[in-house]
Structure formats: C-alpha cells, structure tokens
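Since every read-out is calculated from the coordinates, none of them should be taken as a lab result. These numbers were taken from a predicted model, which means no experiment stands behind them. Every residue, glycine as well, gets a Cβ built from its backbone with ideal geometry; the counts of neighbours run over all protein chains shown.
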Amino acid sequence: MVISVQNVTANTAMVIWPTIPSCVDSFYSIMYQSNWNTMMSGYSREHFQMQERIPGSRTLYVVENLTPLTTYILCVTCQSANPSSDQCKIFHTLAQDPSSVNSKKKDLALGIWLTSSIILLIIACILLYGCLHIWWRKRQERARAQNVESNDMDKRQAWAKDEKPDENDEKPSLLPVKEEKREEASTDGSHVAPTTKDPLTVEETNSLTHNDHEEVAIQPTEVN
C-alpha cells in the first residue's frame, strides 16, 4: 500500500492512502512520530506516540498540531496491525510563517483581553450589587427610624393632650359684687362718704332682721 503526504505546512499535513478491502467494514489506524529512528525503534506500534482511528469509509486525513521544522514518520494500517515499511512515509514540516505567528499572537492577546474584560465586568456587577444592597438597607433603616420617631411624637402629643385640663370643666363662680352707694347725712348736715355693701352681708342682715321681726311678733302672743 503506497501512501502519500501532501500540503505539508509548519503545523499540518494531509495524508492520502488507497482503499484496503479488509478495512471497509472496520477502521484505519494512523500513527505518526517525530524524530523517528528506524534502526533503533523499528515499526512497532508501541513506539508511536500519536495514533488516530479513522472510519473505513475514508481514505484521507489531515494531521494537525505538528512542530515546525521537524521530521516526522507517518504510517497507515488496517485496524490495529503493526505497519510495514511500504505503509509509512517520512516528511518534513516547514518553517513557521511570520504572518501566522502574528495572527496567533493577536488571537492570544484578544482572548486574554476578552477574558480580562469579562472578569472585570463580573467584579463590577458584584460591587454595584453590593453598593445598591447597602444603600437600600440604609434607606430602610432611615425610614424605620423616622416611623419610630413619628410614633413617639404622636404618643407625646396624645399624652400632653390627656393631661391638659378641659376648658369645659366647671370653674367656681363668683358672685358679682354690687356696690350700693348711699349718701348719709350727718347730724350736723354734712355729707358722709358713700359706703359699699357686700351683697352677702346685705342678705345676711336682711335674714337676721326678718327673724327678729318674727320673734317680736311671737312674743306678744305668748304674753296673752
């Protein structure tokens, strides 16, 4: 079986092989190794570091992740058999293209920048959430304190209102004092200063005078 390796680059190579009738219903094994030494290692499967299993319907495969400026040996066998010399091919990878290196560096830098931006955005969201949570808690505490202060003020006002005397409570009434001015003439014809009499004194005097008159009226009856 003659195989061919085409389109070799610094990191990839395409291998093509003819159809093997015994592998149509099975699979192909593709084995490759760098810096191969046939004199020391031979073609034993155990000495190949990289191996791939390809469906039996395919006759083409692209090997990737190769090292630039490196010599490789690649073998294709049916199923898991050890390869022979006519089933192997030696090829050399090319040097790395500067444009591709720059492109990889740009991709790497872009990936790092995107990752850093996402991390910073997450941190900013966490900080913003924390600030909003603290602000909301302080606002609730302030509103709660205002409510407590308002309730205390209402209680104090109600307590002061309960202790304030009612305006409708009866107050002790005072009898009006009437002044009666009477001018009495003295025996010598001169005028005497007017005197002021208290209604209570006048009423007591009148009551005493009325009682005296009753006693006087009763005494002649007893004598008779």
Task: Gyration tensor verdict on the range 70-149 (Cα atoms; rounded if a/c is under 1.5, prolate if a/b is larger than b/c, oblate otherwise) - done: oblate
TODO: Note down the nm distance, to one decimal, between modelled labels 7 Å out along Cα→Cβ at S34 and at I126.
DONE: 3.9
TODO: Order the peptides 142-152, 43-53 from the highest to the lowest mean number of other Cβ atoms within 10 Å of their residues.
DONE: 43-53, 142-152
- [ ] Can you tell me which of 115-122, 22-29 comes out highest on packing, and rank the rest after it, using the mean Cβ neighbours within 10 Å?
- [x] 22-29, 115-122
TODO: Quote the FRET efficiency, to the nearest 0.05, computed for D25 versus M50 with a Förster distance R0 of 22 Å and r equal to the Cβ-Cβ distance.
DONE: 0.30
Task: Simple spin-label estimate for W136 and S116 in nanometres, 7 Å along Cα-Cβ - done: 3.3
TODO: Determine the gain in length on full extension of the stretch A160-N7; use 0.36 nm per residue of separation and subtract their C-alpha separation, reporting nm with one decimal.
DONE: 45.0 nm
Task: Separation of the A145 and N65 label points, Cα + 7 Å toward Cβ, nm - done: 6.3
Open item on the list: Between Q79 and K104, how high is the FRET efficiency from 1/(1 + (r/R0)^6) when r is the Cβ-Cβ distance and R₀ = 45 Å? Nearest 0.05.
Closed with: 0.75
Open item on the list: Shape verdict for the range 1-97, please, from the Cα gyration tensor: rounded (a/c under 1.5), prolate (a/b greater than b/c) or oblate.
Closed with: oblate
